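Written below as structure tokens is the structure these notes are about.
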Amino acid sequence: MARLATGDTAAIFALAEHHGHRVAGVVRRQLRSCGVEGIHPEDLQSLVLDACMELHAVAGAWRPGGALPWWWAEGRIRGVVNRFVGVHADALDDHGAHAEREPDPAAPSAEHSLAAAFARLVAEDPRVRLVAEAARAAKVDDVALVCLLDYQIQQGQGDPSPAHTLAERYGTTPDAMRQRICRGRRRLRQVVATDPRFAALSELELVA
Amino acid sequence: MTAVPDEAALAARRRHPCMRTPVGSAAVRRRVAGAIAPLGAPHPEVAASVLAVRGASGLTPDAFARRAGVDPEVLCRAEAGEISRDQLPGALRRMVPA
């Protein structure tokens, strides 16, 4: 993971060779949770390769102090599978309407795009940077923080049950999602309340 | 009490089909070459092959260049797809399939 995080393209080969079976395991599990039973070996190979390329592309966002490498990677692999399943569903739904169009480029997963947007905001906005620092101090990893933000956004947009929406998006159960949000929020709140460096964040809805 | 698996048991586990990667190295090479080609590199296949050799060795570019006895800058250019197979230094060319 450290080699991938430094942008070393050669690490893709080591990843595929030594951890390909683990990536394939996550791919199979996620496919099953999306209702796809059984997959052609060529499709599986293609998905594992997609996942390896995706991990290489986003590995720079991994922080040694954040999520464990494999746990972090699982979220990205699940995103690749969700895109694969989603593309198939879209093609079946309105095949006629899109038949003449150029294929749309694959959209990044919600988790990925939100993580990228957050990383950009961290660089640009000192207040967001403070939130990221508070999250680190609270031992809330990047994925959990992104979930927390996503949850807040969903809730703010009037979603009656954000946990259900996000559970589907992140490939987990609503109960697990609620637990993740609750735990992340509690830790953040504790750090903001006790550490004077983060006192400015006490007004934020995120920790309210 | 859980028994700690010895080397033989670990080796046996590694031989099990579920521990084998479903991805062949040629497929990874093709995919990496496909990712390098749009960047305008004239020799993406050579780049992918050199990266595959270094990836398998687990070495950093500098360490690999030292081990292979090639200039790190040449290795860097080869991995960027700027050098054809014929232009590779002998030691490196022998590692890269024709």
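The values are calculated or read from the model by the stated rules, or taken from the named source; none is laboratory data. Note that the coordinates shown come from a computational prediction; the quantities given were computed from them, not determined experimentally. Note: ideal-geometry Cβ built from the backbone for every residue, glycine included; neighbour counts use all protein chains shown.
So the values come out like this:
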| item | result |
| --- | --- |
| Residues that are among the β-branched types (Val, Ile, Thr) and closer than 23 Å to A:Leu15 by Cβ, drawn from the range A:32-47 | A:Ile39 |
| Candidate set from the range A:29-57 (those that are of a type outside the set (A, V, I, L, M, F, W, C) and facing chain B (nearest Cβ under 10 Å)); member that is surrounded by the fewest Cβ atoms within 10 Å (Cβ to Cβ) | A:Pro41 |
| Within the range B:43-60, considering residues that are surrounded by fewer than 23 Cβ atoms within 10 Å (Cβ to Cβ) and among the hydrophobic types (A, V, I, L, M, F, W, C), the one nearest to B:Pro97 (Cα to Cα) | B:Val53 |
| Residues of the range B:38-55 that turn out to be in contact with a Leu (Cβ under 9 Å, 6 or more places away or on another chain) and free of Cβ contacts under 8 Å to residues at least 24 places away in the same chain, as a count | 1 |
| Unmet requirement for A:Thr9, which otherwise passes all of (1) touching a Leu at 6+ places or on another chain (Cβ under 9 Å); (2) at pLDDT below 85 | (2) |
| Selection status of A:Val192, β-branched (Val, Ile, Thr), buried (at least 16 other Cβ atoms within 10 Å of the Cβ), modelled with pLDDT of 85 or more and outside any loop (DSSP other than H, G, I, E, B) | yes |
| Residue that is within 10 Å of chain A (Cβ to nearest Cβ), touching a Lys or Arg at 6+ places or on another chain (Cβ under 8 Å), assigned to a helix (DSSP H, G or I) and of a type in the set (A, V, I, L, M), where the choices are B:Ala35, B:Ala27, B:Ala48 | B:Ala48 |
| Criterion (surrounded by 21 or more Cβ atoms within 10 Å (Cβ to Cβ) and at pLDDT below 85) met by exactly one of A:Pro174, A:Pro162 | A:Pro162 |
| Residue within the range A:135-151 that is in a helix (DSSP H, G or I), loosely packed, with under 14 Cβ neighbours inside 10 Å and modelled with pLDDT of 80 or more present | no |
| Count of residues meeting criterion [more than 12 Å from chain A (Cβ to nearest Cβ) and in contact (Cβ under 8 Å) with a residue 12 or more places away in the chain] in the range B:56-81 | 5 |
| From the options A:Ala144, A:Ala167, residue that is of a type in the set (A, V, I, L, M), out of contact with any Cys (no Cβ under 9 Å at 6 or more places or on another chain) and without any contact (Cβ under 8 Å) to a residue 24 or more places away in the chain | A:Ala167 |
| Those residues of the range A:1-27 which are out of contact with any His (no Cβ under 9 Å at 6 or more places or on another chain), more than 10 Å from chain B (Cβ to nearest Cβ) and surrounded by fewer than 18 Cβ atoms within 10 Å (Cβ to Cβ), in sequence order | A:Met1, A:Ala2 |
| Enumeration of residues in the range B:52-93 that are in contact with a helix residue (DSSP H, G or I) (Cβ under 8 Å, 6 or more places away or on another chain), within 28 Å of A:Gly20 (Cβ to Cβ) and of a type in the set (Gly, Ala, Ser) | B:Ala52, B:Gly55, B:Ala56, B:Ser57, B:Gly58, B:Ala65, B:Ala68, B:Ala78, B:Ala80, B:Gly81 |
| A:Gly75 vs. criteria at positive phi and touching a residue at least 40 places away in the same chain (Cβ under 8 Å) | no |
